[in-house]
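After the structure tokens below, expect a handful of questions from me.
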Amino acid sequence: MKKSVTLLLTLAILLTGCSSGKSTITESAKVDSAYQDKYLLSGKIQADNSANVSSKINAKVIQLNVDIGSKVNAGDTIIYLDTKDLEAQLKQAEASVGTAEANLDKIKAGSRSEQIASSQALVEGAKTAYEVAQKNYDRQKQLLQGGNTAQVNLEQAEQALASTKAQYDSAAESLAMLQNGSTQTDINAVAATVKQAEAAVEIAKTSISYANITAPISGTVTAKNINEGEMSGIGQPLITIVGGNELHIDSYAPEDILPKLEVGQKVKIKIVEFPEKAFEGEISTINAQIDSRNKSALVKIALKDDSNILKPGMFTEIALKNKEGE
């Protein structure tokens with residue numbers, strides 16, 4: 001009798017366990033059956049709103065106020081560049097304006113012996129400055145060829161050479177006018193040098209205004225390609241800022257898969273960095289134009305990530321959710 005009771009209890013436990021396991025398998029199958037077995041698409045996570053911050057001038061970074069992960073607001077100054085060379089160029093340009101204006105006044109007033117003597121002195125001074133600049137440029141060029149200086153030093157020497165040559169040419173021209181007598185054409189020519197010098201001043205001021213680099217958008221710094229003490233090149237991406245937490249996936253769907261897609265369709269997403277997790281998304285855009293080279297079209301997928309662990313640049317695999325009735 002005892003053996004019979006024990007056998008019945010054992011059978012009951014086994015039957016209960018089988019029933020429970022069948023229920024678990026059924027629930028899992030319901031979730032998986034909502035999606036096709038194969039991950040048909042792949043893509044890369046992108047930020048809906050991002051900006052690369054770059055420099056408009058060649059200058060050394062003297063202060064960097066952010067690092068990767070820093071939060072910034074639009075308009076915050078995040079990078080300070082060295083303006084010493086630019087300020088020197090501004091002073092030189094302002095001096096050129098004064099010289100050009102003085103020459104214009106003299107040529108309008110007519111020539112006197114003392115004016116000619118003064119102009120000759122200016123020519124000599126300008127010539128000396130030009131010769132010094134020429135020697136510095138030649139030296140920087142030779143150093144660069146040997147790998148002993150930076151390209152920016154050669155560029156600065158070239159700018160100084162051009163500036164001193166312009167001053168020398170202007171002074172020599174003014175002296176010739178004084179010696180030969182002035183015509184209206186001569187006066188107009190000197191007046192043009194005044195305008196050129198004034199334009200150089202404005203260029204120098206504008207360059208200085210580029211020394212304080214601000215954040216174009218509010219967000220989080222996700223990349224930093226520069227450090228304090230390093231040179232920033234014109235157009236070189238220095239900082240990347242991603243605004244907000246809105247993300248999407250850029251995927252390219254082959255021509256044979258496009259008929260299976262529609263805007264608003266739910267998708268299941270796997271991320272390479274999180275193989276044990278699955279994320280949800282929704283097709284937001286399907287490009288109507290097919291690329292003739294690879295026979296595919298751009299598909300954008302809006303991401304849902306309440307955990308805030310997804311980042312731009314992560315690679316994904318995408319499974320399509322079956323339509324109702326399938």
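No lab work stands behind these numbers, since they all come straight from the coordinates. On a predicted model such as this, the values are computed, not experimentally measured, just so you know. Positions of Cβ are generated from backbone atoms using ideal geometry, with glycine treated the same way; all protein chains shown enter the neighbour counts.
Is there a quick way to get the dipole size of region 84-207? I mean about its Cα centre, with the Cβ of Lys and Arg at +1 and of Asp and Glu at -1; what is the value in debye to the nearest 20?
Computed charge dipole of region 84-207: roughly 140 debye.
Hey, another quick one. Calculate, in nm to one decimal, what Q289 and K165 gain on full extension: separation in residues at 0.36 nm each, minus their alpha carbon distance.
In short, 39.0 nm is gained.
Bin all alpha-carbon pair distances of region 84-207 at 5 Å intervals from 0 and give each bin's fraction as a whole percent.
P(r) for region 84-207, in whole percents per bin: 2, 12, 18, 20, 17, 12, 9, 5, 3, 1, 0.
Still on this structure, please answer the following. Can you give the relative contact order of region 84-207 as a percent, counting alpha carbon pairs under 8 Å and 6+ residues apart?
Taking the mean separation of contacting Cα pairs over the length of region 84-207, I get 50 percent.
With r defined as the distance between the Cβ atoms of A117 and T149 and R0 fixed at 51 Å, what FRET efficiency is calculated, to the nearest 0.05?
Efficiency, from the Cβ-Cβ distance: 0.80.
What ranking do F279, F315 get, fewest neighbouring Cβ atoms within 10 angstrom at the top?
Listing F279, F315 from fewest to most nearby Cβ atoms yields F315, F279.
Per residue of region 125-140, in order, report the coupling 6.51 cos²θ - 1.76 cosθ + 1.60 (Karplus, θ = phi - 60°) as ³J(HN,Hα) in whole Hz, putting x for Gly and Pro.
x, 5, 5, 4, 4, 5, 5, 5, 5, 5, 5, 5, 5, 4, 5, 5
Please arrange M177, M314 by how many other C-beta atoms lie within 10 Å of their C-beta, fewest to most.
M314, M177
Could you list which residues have their amide H under 5 Å from that of Q236, counting only those 5 or more apart in sequence or on another chain, with H placed in the peptide plane?
HN-HN under 5 Å from Q236: S55.
When you count, for each residue, the other Cβ atoms within 10 Å and take the mean per peptide, how do 118-130, 263-275 rank with the highest first?
118-130, 263-275
Test of understanding: ordering E94, E262 by Cβ neighbours within 10 Å, fewest first, what list do you get?
In order of increasing Cβ crowding within 10 Å: E262, E94.
With the contact rule set at Cα under 8 Å and sequence spacing of 6 or more, what percent relative contact order holds for region 194-321?
In percent, rounded to a whole number, it is 23.
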